[in-house]
Amino acid sequence: MVYLDHNATTPLCHEAKEAMLPFLEGRFGNPSSIHSEGRLARAAVDDARDRLAAVLAARPHEIIFTAGGTESCNLGVMGIARAHVPRGKHVITSAIEHHAVLHAFEYLKHFEGFEIDILPVGQSGTVDPESLEKAIRPDTTLASVMHANNETGAIQPVLELAAICQRHGVIFHTDAVQAFGKIPLKPHEQGLSAVSIAAHKFHGPKGVGALFVSAGVAISRISHGGAHENTRRPGTENVAGIAGMAAAAESAASCDSSKLRPLREMLWKGIEEVCPGAVRNGDPEVCLANTLNVSFPGADGEALLIGLDLEGICVSSGSACMVGSVQPSHVLIAMGIPSGTALASVRFSLGRETTEGDIRQTLRALERVLDLQPLAAR
């Protein structure tokens, strides 16, 4: 089996597993309990918070633990927008956001009376900072643009976007779920007000994430039931998951994902030979080193994925959260790619364990699968 779907999830690293084991076996205390078992669990959560904050060059109290990237994005968007209603109810996002962000904005619009501007992207899949500048109004309180796109790998100009927001007194949130561990992330240095991450994207466990919120930025809880996480996110903390995430974050911070770029380019060159009509989506120079999104005009996208799976190659058509969807990718559509072509697109996302042998095996399998389809591109 060749696994080229690391943007969907990653295998658990050794460091994370070792950090989690004590809390999966003997140390089962609730971190809110005052007895010794509870205090051991609380110490583990506090230690993990300190370690994750150190990786982000942030302060421990600026870290809120959540149940994953979706909750982190929901809390970052809805929690901040609601907390600043006295100033205004105008918010901004982009057309290529993950649905964890887009659906949160849609909820604010349809159920809470917020006004939303959705920034377009060009063929490269990136936001033009000038469009953000033009969209900001006196009553704008929040802008959220992702750090790197999960489908195309397009890296957004977050430094410029954050600087624009700072000039106008607008809070800037970024969904860094796909970027963390692949791009250096130091929120204070980069002017980021709020940042969402998810452990399973950087070799940590599933079901745990975090939201960085800069000190001084007001945020309202979006769920109710307790005073956990300094009253910002109720619910008993996932001690094992939090310990694993901190260990995985430290491991990810020491890795150089740029080493995957030659393998990605090897894959693309091979695809060009196998299918000369294939189209590479996005700008290869402003893109995550591990991500390659390719359209195969005339192909049946679903049959392509199934065929590769039968060949032992794990890839996807885009966001893993949209499994079962027959709709073309909203990201590719926003980039101006025709619906039929978008439906015939495949995302290859490499990981630490990917080898040249994996790339060669993938290309051989792709050639066999493509031979079974009457492609317009062949």
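The set of residues in the stretch 1-40 that are aromatic (Phe, Trp, Tyr) and farther than 18 Å from LEU52 by Cβ comprises TYR3, PHE28. Where helices (runs of 4 or more DSSP H) fall entirely within the stretch 66-166, those with at least 3 residues that are buried (at least 20 other Cβ atoms within 10 Å of the Cβ) are at 69-74, 99-112. On inspection, GLY351 passes the criterion of being small (Gly, Ala, Ser), buried (at least 17 other Cβ atoms within 10 Å of the Cβ) and modelled with pLDDT of 95 or more.
The number of residues in the stretch 25-60 that are among the hydrophobic types (A, V, I, L, M, F, W, C), surrounded by 15 or more Cβ atoms within 10 Å (Cβ to Cβ) and over 22 Å from the mean Cα position of the chain (by Cα) comes to 4. Checking the stated criteria, PHE296 turns out not to satisfy the condition of being closer than 20 Å to ALA148 by Cβ and not aliphatic (A, V, I, L, M).
The test for being touching a Gly at 6+ places or on another chain (Cβ under 7 Å) and aromatic (Phe, Trp, Tyr) holds for PHE202.
So that you can scan it fast, the table gives a plain yes or no per residue for (1) over 27 Å from ARG49 (Cα atoms); (2) out of contact with any strand residue (DSSP E or B) (no Cβ under 8 Å at 6 or more places or on another chain); (3) touching a residue at least 12 places away in the same chain (Cβ under 8 Å):
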{"residue": "HIS110", "(1), (2), (3)": "yes, yes, no"}
{"residue": "ASP139", "(1), (2), (3)": "yes, no, yes"}
{"residue": "LEU142", "(1), (2), (3)": "no, no, yes"}
{"residue": "ALA148", "(1), (2), (3)": "no, no, yes"}
{"residue": "THR152", "(1), (2), (3)": "yes, no, yes"}
{"residue": "PRO184", "(1), (2), (3)": "no, yes, no"}
{"residue": "GLN190", "(1), (2), (3)": "no, yes, yes"}
{"residue": "VAL213", "(1), (2), (3)": "no, no, yes"}
{"residue": "GLY216", "(1), (2), (3)": "no, yes, no"}
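Counting only residues that are part of a helix (DSSP H, G or I), over 18 Å from ALA252 (Cα atoms) and touching a residue at least 60 places away in the same chain (Cβ under 8 Å), the stretch 54-65 holds 2 of them. Against the conditions (1) out of contact with any helix residue (DSSP H, G or I) (no Cβ under 9 Å at 6 or more places or on another chain); (2) within 27 Å of HIS103 (Cα to Cα); (3) acidic (Asp, Glu), where does GLU285 fall short? Just the number, please. Of (1) out of contact with any helix residue (DSSP H, G or I) (no Cβ under 9 Å at 6 or more places or on another chain); (2) within 27 Å of HIS103 (Cα to Cα); (3) acidic (Asp, Glu), only one is false for GLU285: (2). Total residues in the stretch 224-241 satisfying the condition of being within 21 Å of HIS173 (Cβ to Cβ) and exposed (fewer than 14 other Cβ atoms within 10 Å of the Cβ): the figure is 2. Mind counting the residues in the stretch 257-299 that are without any contact (Cβ under 8 Å) to a residue 60 or more places away in the chain and under 18 Å from the mean Cα position of the chain (by Cα)? Total satisfying the criteria: 1. Considering only residues that are in a loop (DSSP other than H, G, I, E, B) and at pLDDT 95 or above, look in the stretch 182-194 and name the one that is nearest to VAL91 (Cα to Cα). Across the stretch 182-194, the extreme among qualifying residues is SER193. Among the residues of the stretch 225-233, is there at least one that is closer than 18 Å to GLY351 by Cβ, within 22 Å of the chain's Cα centre (by Cα) and not polar (S, T, N, Q)? No, there is no match, as no residue in the stretch 225-233 is closer than 18 Å to GLY351 by Cβ, within 22 Å of the chain's Cα centre (by Cα) and not polar (S, T, N, Q). Determine whether PHE212 is closer than 18 Å to ALA83 by Cα, in contact with a Pro (Cβ under 7 Å, 6 or more places away or on another chain), modelled with pLDDT of 95 or more and surrounded by 24 or more Cβ atoms within 10 Å (Cβ to Cβ). Yes.
Considering only residues in the stretch 242-290 that are within 27 Å of PRO328 (Cα to Cα) and among the small types (Gly, Ala, Ser), the one that is surrounded by the most Cβ atoms within 10 Å (Cβ to Cβ) turns out to be GLY282. Every listed requirement among (1) touching a Phe, Trp or Tyr at 6+ places or on another chain (Cβ under 8 Å); (2) crowded, with 22+ Cβ neighbours inside 10 Å is met by PRO187 save one, (2). Residues in the stretch 162-207 that are over 14 Å from the mean Cα position of the chain (by Cα) and of a type in the set (D, E, K, R) were compared, and the one that is nearest to ALA100 (Cα to Cα) is LYS186.
Filtering the stretch 1-45 to residues that are closer than 30 Å to PHE348 by Cα and without any contact (Cβ under 8 Å) to a residue 24 or more places away in the chain leaves only HIS14. Pairs meeting the criteria (first residue in the stretch 302-314 and more than 20 Å from ALA342 (Cβ to Cβ) and without any contact (Cβ under 8 Å) to a residue 60 or more places away in the chain, second residue assigned to a helix (DSSP H, G or I) and among the charged types (D, E, K, R), beta carbons under 8 Å, at least 6 apart or on different chains) are GLU311/ARG368. Does ALA176 qualify as being touching a helix residue (DSSP H, G or I) at 6+ places or on another chain (Cβ under 8 Å), crowded, with 23+ Cβ neighbours inside 10 Å and either modelled with pLDDT of 95 or more or over 24 Å from HIS84 (Cβ atoms) (or both)? Spelling it out, it is not the case that ALA176 is touching a helix residue (DSSP H, G or I) at 6+ places or on another chain (Cβ under 8 Å), crowded, with 23+ Cβ neighbours inside 10 Å and either modelled with pLDDT of 95 or more or over 24 Å from HIS84 (Cβ atoms) (or both).
The values are calculated or read from the model by the stated rules, or taken from the named source; none is laboratory data. Note that the coordinates shown come from a computational prediction; the quantities given were computed from them, not determined experimentally. In this analysis, Cβ positions are derived from the backbone assuming ideal geometry, glycine residues included, and neighbour counts consider all displayed protein chains.
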